[in-house]
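One structure below.
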Amino acid sequence: MLVHRRTKRGKLAFTFVATAALVINALPAHAINTYKADGVTATTITLGITSPLTGAAAPGYNKVPGAMQAYFNYVNDNGGVNGRKIKLISKDDAYNPVLAKSVTNDLVLQSKVLAIVGSLGTAENEATTRFINDHNVPRLFINTGYSGFADAKKYPTTYAVLPSYVMEAKIMGQYLKDNFAGKSVAIIYQDDDFGADALKGFATAGTKFLVKIPYASGSQADPTVVGKWISGLAQAKPDVTIMFGVSSATAAALGGAYKAGFKTQWVLGSVGGDGTTIATVAGPTAVGLLYGAIGASFLPAPTDTSDPYIAQFQAINTKYNPGVSFDNNVLQGMNTAMLTVEALRAAGPNLTRASLLKAIAKSGSTFASAGFASLGYSATSHVGYNGYWFGTYGPTGAIKPIGGTYTLYTTDSGSGAVTQTASKRPAMPEKGLPNN
Amino acid sequence: MFIDTLLIGLSSGAIYSLMALALVLVWRSTRVINFAQSGQAVLSTYIGYEISLATHNYWISLPLAIAAGALIGSLVDLLFMRLLAKRGTTGPIAEIAPVIATLGLLGLIQSVIGLIWGNAFLQYSSPLSAKGFTFGTHTIPFSPQNLFIVIAAAVVLGIFGFVFRYTNLGLALRAASFQPEIAQLSGIRVNLVRNIGWAFAGAAGAVAGAVITPTSTLSPHSLDLLFVSGFIAAVIGGLDSLIGAVVGGLVLGVGFAFILQYISSALTFLVGFIILMFVLLVRPRGIFGQRVNRNA
Amino acid sequence: MLKRKLTPLTRALLFLIAGAVLLALSGYVDELRTYQGAQVAVYLVAIASIILLTGYSGQISLGHGAIMAIGGYGAALSYELWHFPLVIALFFGAFAGTVGGFILGVAAARLSGPYLAGTTLALAVGLPSVADQFKVLGGEQGLSFDIGDAPNWLRNFEGDGFTQYKWFFWIAIIVAFFTLWAITNLLHSSYGRNWRASRNNAVAASLAGINVARGKILAFTVSSALASLAGALFAMLLGIVTPTAFPLTLSFTIMTGAVLAGVGNLAGSIVGAVVLVAIPEVSGALATHLGSSEKLTSNLPGLVTSVLLIIVVLFMPQGLRIRNVRRGKTTQ
């Protein structure tokens, strides 16, 4: 109307400014609030978790958030935590550090969670560390064994829970020395800090490898790549093969071994060692290969109903997580959820990010949980469990402790020795409801 | 080791040839690169998967998946490509409109699959063993399933070759793609013939999906890389040539297998890119591509 | 012809004003929006690269995600390993991408439509995984690219809430606007006209004295400069470079943005960029509204993008514009 014939350039500039103004005006213009504690109201506590719900690494791990929420619902039905009900927002990062960054942004800036719990993946947690540290967001009981995360100075708000990969490798190395002396050993490992951590532990234990096969995270989805792992192994003919990868990679390795007719004594890293997941992904034909494999765990075997924690968690799973089979992933999720509830309780009614972190530092080492090793939390330590027991997989993929009883080996992430330790596991609180 | 690698290359090359064939069929009949090909193929495979779950029989699910692929191909042509030809050929995006449109269709198909079946990795099992054939103590990385893949691809390629060469339908297909106006004048029903071409392409893609998926897993994106490889194979062989699709597929399959074994799995597609560039620099229309006078 | 011409100077002033307005307002907007604003800036530059290459020069590239990867890795490596200052690192990334783009452009000048598409597609898939091959590039875990916080004088001036994301926004907007101003001038110069002419009718153009092949190579090179600059900024925002940050879908995404913008129309690139950032947000909200089942949350963004794309290609070839006048002939 006014300007009857806009020029192209004029249009361009006008469009810029107009769109920008419109966009800015439409945005919520409230004061910046990046460092205050969020996620707590009089009646609710909001927590967040990032894990692979889809993608190549998802099998097995995608059951963890559901299991955690199931346990939280059980606690909510029984009074909650200081009168507050817990809600867990679960986001998918497809085991991709770039996606992990963006969903963590969403959780903290948009959903305004109190804390992130059980975030999965070494690379994923590393990618989000800068943001987490800047915003002082508690990152509790992370689902990775990378030893670096226990460094309280570098990761002031991050608490580990899994025994580190260094610890696991040292213990495995010791076990191999004791039981497979003189036999040749090969290893398949994820080619990043996850695998490098394990190699560090094996180096400390003095394990010598006949052949080492690194693989790029995600490449386990390509059968030709897996074929190459196996042909490399078949050429070297190791007596023992260690598999240090996620569940889908372990499944792929076993499946590939079946296809190529390759036989060895498999030793499976705990993170990727859930029998049910492997059996599902690798197919029924490869379960035969799982039979006789050696694995490690720090929690009781998921099929051991004589253990009070297992019995209780199975009952909770049946009621609050219907349709989901109880396996090591569900067990671990519920165990982490139990620790989370204890941390929230310990922080008291005046719940903030700061009080939550203080509570774990102060009393975290006394929290009850299903783990056999003790928790190493203190004012200076963010180390979680520090030990494993060994078992063998049965014909259906269920793991049972070697010798029938849980023999615990503990160590540290440094050069300390591996020792057999008596478990000082706290008694389970009544009905599995924390009472700290 | 050399023979092993060759066998692996043969098996994957057969699949690339099938995908390349589907692309060339569509290209020759409509001058469009069908980016939705992997989506159509994977949808047909999901249908085959459902049928195999219901009937517990892979051999029943296979022809039904192929039929589904043909039907889907025909529907895409009828509902989507006709619309595109009418609307999408003006304006600044005329050249890339078919690419964008079929990419959009691909995304649409994959999202719909995800909404119906979810994104989890599924197992489409076949009764053929995945364990390699054993000769004495040595097991080669070529299983009955791989053998079936090669046979299926050869059969499909043989059928298409025969139809194109020796039947009236084949002649009509070739005429309709090369000079649609003249073909119409000679009484060929161009629209129908083109639709049949799309159906054939859909069927070829479905065969590829249904035979390769039992060797790994099924998910909405499981055939994406296959499409890329098929496209590269078609380009190497020459987009106008069916023979080129076969040759390109085999060359690429064997090439990838050797790169994987002797160099690295990280560099397969990059070396593929280099091979492609090399071929195109020497013959910009692919090995068997014709020097056509068209300016497209 | 045109009644009023904007001189480059006036154009520059308008850009400066717009930029200043945005920067001032960023102080009143919450952090997530600020981060998204930075993402919009990155997409702006990436979309501009496609508009130049495809809308003006008529070449198609499905591999601009790989060019962005060169820019991203170039910037990350030079900053982290060789300790270049930030601006130099960003432009080093752009430089690396430009060189790659030039080489690709020379090879591509002989290729037509689908053959070029296939080649760039192969590059898009093949290039990022090179990071798995060479340890220095960090593999799947990636290289950290942490540019630190804003300089102290700026933080003291701006106040307490000047987070790293705000700093990103400032850098991204300034770089994006400066780049866009430069490209607008380029596109309205004789270079732009030559590209248009060559695209519409190569034979006539060369008869008129335009060196078509050289123009194509130049277009590819400049387009790659833009894409790799966008990639460097993108890496800065992410704080990390991994092969998975530059997947095949990234190439498709920026092409989608260019189509939504109206491939021949630079002004639309803002709309395209905003839509690209808005889609995941809007579909996420929609998915939550509809019950946040996992199937819905994972697939709704893809569905929305695809449907939008198809609608635009079929019914609005000029892109998403307020006045979508259907003209008999394309005058742009």
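Some notes on this structure:
- Selection status of C:Asp132, more than 30 Å from C:Leu32 (Cβ to Cβ), touching a helix residue (DSSP H, G or I) at 6+ places or on another chain (Cβ under 7 Å) and charged (D, E, K, R): yes
- Candidates B:Val251, B:Val282 - the one that is among the β-branched types (Val, Ile, Thr) and touching a residue at least 24 places away in the same chain (Cβ under 8 Å): B:Val251
- Residues (surrounded by 14 or more Cβ atoms within 10 Å (Cβ to Cβ) and at pLDDT 70 or above) located in region C:2-12: C:Pro8, C:Thr10, C:Arg11, C:Ala12
- With respect to being in contact with an Asp or Glu (Cβ under 7 Å, 6 or more places away or on another chain) and more than 9 Å from chain C (Cβ to nearest Cβ), B:Asn191 falls outside the description.
Results for (1) among the aliphatic types (A, V, I, L, M); (2) under 17 Å from the mean Cα position of the chain (by Cα), shown as yes or no for each residue.
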residue: B:Phe142; (1), (2): no, no
residue: B:Thr167; (1), (2): no, no
residue: B:Gln179; (1), (2): no, no
residue: B:Ile196; (1), (2): yes, yes
residue: B:Ser216; (1), (2): no, no
residue: B:Gly230; (1), (2): no, yes
residue: B:Ala233; (1), (2): yes, yes
residue: B:Ser241; (1), (2): no, yes
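- Selection count, region B:168-218, where residues are touching a Lys or Arg at 6+ places or on another chain (Cβ under 7 Å) and either at pLDDT 85 or above or among the hydroxyl-bearing types (Ser, Thr, Tyr) (or both): 1
- Some residue of region C:22-31 being closer than 16 Å to C:Ala273 by Cα and in a helix (DSSP H, G or I): yes
- Out of A:Gly323, A:Gly348, one residue alone is touching a residue at least 12 places away in the same chain (Cβ under 8 Å), more than 29 Å from A:Asn179 (Cβ to Cβ) and more than 19 Å from the chain's Cα centre (by Cα). It is A:Gly348.
- Looking at region C:193-305, the helices (runs of 4 or more DSSP H) lying wholly inside it that each contain 3 or more residues that are within 11 Å of chain B (Cβ to nearest Cβ) and crowded, with 22+ Cβ neighbours inside 10 Å sit at C:248-261.
- All positions within region A:184-229 that are surrounded by fewer than 20 Cβ atoms within 10 Å (Cβ to Cβ), of a type outside the set (A, V, I, L, M, F, W, C), touching a strand residue (DSSP E or B) at 6+ places or on another chain (Cβ under 9 Å) and part of a loop (DSSP other than H, G, I, E, B): A:Ser184, A:Lys208
- Residues in region A:103-123 that are without any contact (Cβ under 8 Å) to a residue 60 or more places away in the chain and under 19 Å from the mean Cα position of the chain (by Cα): 3 in all.
- From the list B:Ile116, B:Ile109, B:Ile51, B:Ile66, the lone residue that is more than 7 Å from chain C (Cβ to nearest Cβ) and within 23 Å of B:Leu192 (Cβ to Cβ) is B:Ile66.
- In region B:267-278, the residues that are more than 20 Å from C:Asp132 (Cα to Cα) form Cβ pairs under 9 Å with partners that are surrounded by fewer than 22 Cβ atoms within 10 Å (Cβ to Cβ) and at pLDDT below 90, at six or more places apart or across chains, as follows: B:Met277/C:Ala107.
- Among (1) modelled with pLDDT of 90 or more; (2) in contact with a helix residue (DSSP H, G or I) (Cβ under 6 Å, 6 or more places away or on another chain); (3) not polar (S, T, N, Q), the one test that B:His221 misses: (2)
- Taken as a whole, the condition of being touching a residue at least 24 places away in the same chain (Cβ under 8 Å) and not in a loop (DSSP other than H, G, I, E, B) applies to A:Pro65.
- Within this structure, A:Asn96 passes the test of being buried (at least 24 other Cβ atoms within 10 Å of the Cβ), under 23 Å from the mean Cα position of the chain (by Cα) and at the interface with chain C (Cβ under 9 Å from one of its Cβ atoms).
- Residues that are more than 8 Å from chain C (Cβ to nearest Cβ) and touching a Leu at 6+ places or on another chain (Cβ under 9 Å) number at least 2 in the following helices (runs of 4 or more DSSP H) confined to region B:224-296: B:224-237, B:242-262.
- All of A:Gly348, A:Gly397 fail the test of being in contact with an Asp or Glu (Cβ under 9 Å, 6 or more places away or on another chain) and among the small types (Gly, Ala, Ser), apart from A:Gly397.
The values are calculated or read from the model by the stated rules, or taken from the named source; none is laboratory data. Nothing here was measured: the structure is a model prediction, and the numbers come from that model. Quick reminder, even Gly has a Cβ in these numbers, built from the backbone with ideal geometry, and neighbours come from all protein chains shown.
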